[in-house]
1. Under unit Cβ charges (Lys, Arg +1; Asp, Glu -1), what dipole magnitude, rounded to 20 debye, does region 265-370 have relative to its Cα centre?
2. Please compute the net charge surrounding Ala316, taking Lys and Arg as +1 and Asp and Glu as -1 over other residues with Cβ under 15 Å from its Cβ.
3. Kyte-Doolittle cut-off -1.0, length cut-off 24 Å along the helix's own axis using Cα: show which whole DSSP H helices in the chain pass.
4. What are the ³J(HN,Hα) values, in whole Hz, obtained from phi via the Karplus relation 6.51 cos²θ - 1.76 cosθ + 1.60 with θ = phi - 60°, for each residue of region 394-405 in sequence order, with x given for Gly and Pro?
5. Hey, rough spin-label estimate for Arg270 and Glu112, points 7 angstrom out along Cα→Cβ, what's it come to in nanometres?
6. So what J values fall out for region 3-10 if you push phi through Karplus, 6.51 cos²θ - 1.76 cosθ + 1.60 with θ = phi - 60°, rounded to Hz, Gly and Pro as x?
7. Need the C-alpha centroid separation for region 114-163 versus region 297-333, integer Å.
8. Considering the options Tyr66, Val285, Gly51, tell which one lies farthest towards the positive end of the dipole of the chain, charges being +1 on Lys and Arg and -1 on Asp and Glu at the Cβ, about the Cα centre.
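The values are calculated or read from the model by the stated rules, or taken from the named source; none is laboratory data. Being a predicted model, the structure only gives us computed values, none of them experimental. Glycine gets a Cβ as well: all are built from the backbone with ideal geometry, and neighbour counts include every protein chain shown. Ligands, DNA and RNA are excluded from the accessible area calculation, which covers all protein heavy atoms including side chains. Shrake-Rupley method; radii C 1.70, N 1.55, O 1.52, S 1.80 Å.
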Amino acid sequence: MPSWTDHAIWWHVYPLGFTGALHAGPAHRLPRLTDWLDYAIELGANGLQLGPIFAAESHGYDTVDYFRIDPRLGDDADFDKLITAAHDRGLRVLLDGVFNHVGKGFPVPDRESWLRRTGTGPDDFAVFEGHGSLLALNHDEPAVLDHVVRVMNHWLDRGADGWRLDAAYAVPPKFWRAALERVRPQHPEAWFVGEVIHGDYAGYLRESTLDGITQYELWKAVWSSLNDGNLFELSWALERHQELLAAGTPLTFVGNHDVTRLASRLTDERHVGHALAVLFTTGGVPSVYYGDEQAFRGVKEDRAGGDDAVRPEYPAVPAGLAPYGWPVYRLHQRLIGLRRRHPWLAHARTASAHLTNEAAAFTATDPHDPSARLVTLLNVGDQPYTFPIDVTGLRAAETSAEGADTATATVPAHGWMILTTAQ
């Protein structure tokens, strides 16, 4: 695993939505992202995680040409300029690879060998999760493996720094192992993270040899526990998270292109800071989905076009953003700054130091230096809460509001506080 990921914090963008390209015709829209790179850096990110940018039929996850930039976004020259602009600023670039399925318009060389069969009939080919427009590839076919390896190497050669592998959970882990055995020797510094929604995270990670997987279990526990006043759920998810950290470095998040916005998901907007405090003090590689840093709202719906609300267009430049979102942006800056000052958090081990339904103290420890630790205190109750923990040698690093008392470990109602080892 490349060492640079220990310091990586991604700003995740869905380009077709961000640039207004989703329902538009061909144009050079990819350069619009260049005008937002400094905004991402000021946020605290040092990586740009891109959604699909290759030629596709509609939403980008129905690829028809893996070697061509989607004409709605631009062309190879636009990609090269974006990579150069990002790298000049010290930003890594992560691409989205859709290798489980293809769009119906993909020029399949041989349907019988390239596509996954479900029966012997002429049309008995598998589709992805009931979507007839997404034809599932046959990952036992050597030519499919060759194709994926060529695509990965092509864009890594052109400057990409890694791949997020879409719907990785639907692909046999041995396929990723075989692909990475051929790609890694040419690109030893590249990072590979797979989308895994459920199942044996750590087991899949080990079998596939991916560097990381998407941590959906932790994502769900964060908002669900805050909404339900059941921090035992979060504690349990963090306990399982430790097993995953032993196998690799997961991609952690509280929002992405496939889920309802955090600000819409939470029943109490005062708990946005609680969710972010957990994200940035927990082991893994954090990703911030564009718009979440501005408290955007949006509900994902199970219908055609149901993703559009969480994949909106951004203004041409940051000055075009509404003023109400900037306090949340600044909160992100503060918490990302805290993480930057404690880079060991990428591999931190977290344990519960105190736990009730509505109050929790989680201690994150440097696995290489047990004396380095952070304590995150969460209170989702209606009254101030004094935590019965030893705060000797700790000081307040960040807090949600006035009224927090480090000396007594008292956190206001619906507040949070992060304590760190006194320097």
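1. 300 debye
2. -1
3. Within the chain the helices that satisfy the rule are 231-247.
4. 10, 9, 6, 9, 8, 8, 6, 6, 5, x, 6, 10
5. About 6.7 nm, to one decimal.
6. Here the 3J(HN,Hα) series is 6, 5, 5, 4, 10, 7, 9, 8 Hz.
7. Cα centres, region 114-163 to region 297-333: 32 Å.
8. Val285
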